[in-house]
Ligand code: COA
Ligand code: MG
């Protein structure tokens, strides 16, 4: 299960070395915003070397309409990343175009077609927000959708994206919700964005707990200290597990029932689906 995705700048040997010991479920080696343009050629080589034989390591390439993306892909696909994180997507067609580029590179490298998955940062450009339904059936490689507030802030000319209490301002709250809805429509994972205040662990815990409540299955991290907090927040509580088990048992004991009472509340089929999903998720986490 992918609760935490830790970003690691691919030009930093020190951080890459450290990343494996953080307990992150997945790593994202960054070739984009965390790496200066002149450092990218070297960072590509370092990323490719780091990928050798490692599981669940992703690479964030540069935007598809940048000069860097082709070189990024050529460098890393042969090293078999779990997948590519695509930033600044304009629409789902970008993910389809990326998938075609990967087809070719997988073939050249003797990698089974479709192995390399795609996560799209689907809200970084304003125009992208108007076409989010396009991810439905766009490409089988699509693994998940995530979103970003920083680039969107710049694009709309906003001087802040959170209010004084740290809550998202309306535009960014909307982008977050649309990402979640688009992922649900496309039947892929929704991954919440980074919490940039990396010393505020209490704030992160609250944020991540809300992300799970809202339907996100994981979250992006930028600092090793965020990983345990995120992993814990995306773990269901014993009380939730207990309740889910009781719901499943209740329906099993009453096979013909559409709706049942539990602790004075109505329980029906959607609750059963939810309970099964929660128990399934827990099984995956345990089996890691
Ligand atoms: N992955 C792995 N190791 C990391 C790390 C990361 N994302 N962020 C920090 N570390 C390491 C540091 O190298 C340091 O290790 P050291 O003690 O061996 O030197 C240790 O963790 C503690 O780091 P700290 O001093 O608290 O933070 P910092 O000032 O060095 O770094 C950031 C702060 C924000 C620059 C850094 O966390 C970072 O680069 N994050 C990722 C940024 C990124 O990829 N952004 C793109 C997506 S938004
Ligand atoms: Mg960015």
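The values are calculated or read from the model by the stated rules, or taken from the named source; none is laboratory data. Note that this is a predicted model, so its numbers are computed, not measured. All Cβ positions, even for glycine, are placed from backbone atoms using ideal geometry, and neighbour counts span all protein chains on display.
Annotations for the structure displayed:
- Search result, residues across the range 96-143 that are over 16 Å from residue 81 (Cβ atoms), part of a loop (DSSP other than H, G, I, E, B) and either free of Cβ contacts under 8 Å to residues at least 60 places away in the same chain or outside the structural domain of residue 194 (by TED's automatic domain parsing) (or both): 123, 124, 125, 131, 136, 137, 138, 139, 140
- The range 167-189, residues that are surrounded by fewer than 23 Cβ atoms within 10 Å (Cβ to Cβ) and touching a helix residue (DSSP H, G or I) at 6+ places or on another chain (Cβ under 7 Å): 168, 171, 178, 180, 185, 189
- Condition broken by residue 263, with the remaining ones in (1) assigned by TED's automatic domain parsing to the domain that holds residue 32; (2) over 23 Å from residue 34 (Cβ atoms) satisfied: (1)
- Only residues that are surrounded by fewer than 16 Cβ atoms within 10 Å (Cβ to Cβ), more than 13 Å from ligand 2 (Cβ to nearest atom) and assigned to a loop (DSSP other than H, G, I, E, B) were counted across the range 62-89, and they come to 2.
- The set of residues in the range 1-20 that are part of a loop (DSSP other than H, G, I, E, B) and either over 18 Å from residue 46 (Cβ atoms) or in contact (Cβ under 8 Å) with a residue 24 or more places away in the chain (or both) comprises 1, 2, 3, 10, 11, 20.
- Residue count, the range 28-41 (criterion: more than 8 Å from ligand 1 (Cβ to nearest atom) and either in a strand (DSSP E or B) or crowded, with 16+ Cβ neighbours inside 10 Å (or both)): 5
- Residues of the range 11-27 satisfying the condition of being under 18 Å from residue 87 (Cβ atoms) and more than 9 Å from ligand 1 (Cβ to nearest atom): 11, 26
- Top-ranked residue of the range 129-151 - restricted to ones that are out of contact with any strand residue (DSSP E or B) (no Cβ under 9 Å at 6 or more places or on another chain) and within 16 Å of ligand 2 (Cβ to nearest atom), ranked as farthest from residue 58 (Cα to Cα): 129
Yes or no, residue by residue, for (1) under 22 Å from residue 134 (Cβ atoms); (2) away from ligand 1 (no atom under 16 Å from the Cβ); (3) free of Cβ contacts under 8 Å to residues at least 24 places away in the same chain:
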{"residue": "146", "(1), (2), (3)": "yes, no, no"}
{"residue": "153", "(1), (2), (3)": "no, no, yes"}
{"residue": "169", "(1), (2), (3)": "no, yes, yes"}
{"residue": "186", "(1), (2), (3)": "yes, yes, no"}
{"residue": "193", "(1), (2), (3)": "yes, no, no"}
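- Selection within the range 49-58 - buried (at least 21 other Cβ atoms within 10 Å of the Cβ) and touching a helix residue (DSSP H, G or I) at 6+ places or on another chain (Cβ under 9 Å): 50, 51, 57
- Looking across 80, 91, 44, one residue alone is farther than 18 Å from residue 191 by Cβ, within 16 Å of ligand 1 (Cβ to nearest atom) and more than 16 Å from the chain's Cα centre (by Cα). It is 44.
- Close pairs from the range 268-288: first under 14 Å from residue 238 (Cβ atoms), partner modelled with pLDDT of 90 or more, Cβ under 6 Å, at least 6 apart: 278/244; 279/244
- Checking the stated criteria, residue 132 turns out to be under 18 Å from the mean Cα position of the chain (by Cα), crowded, with 21+ Cβ neighbours inside 10 Å and over 24 Å from residue 34 (Cα atoms).
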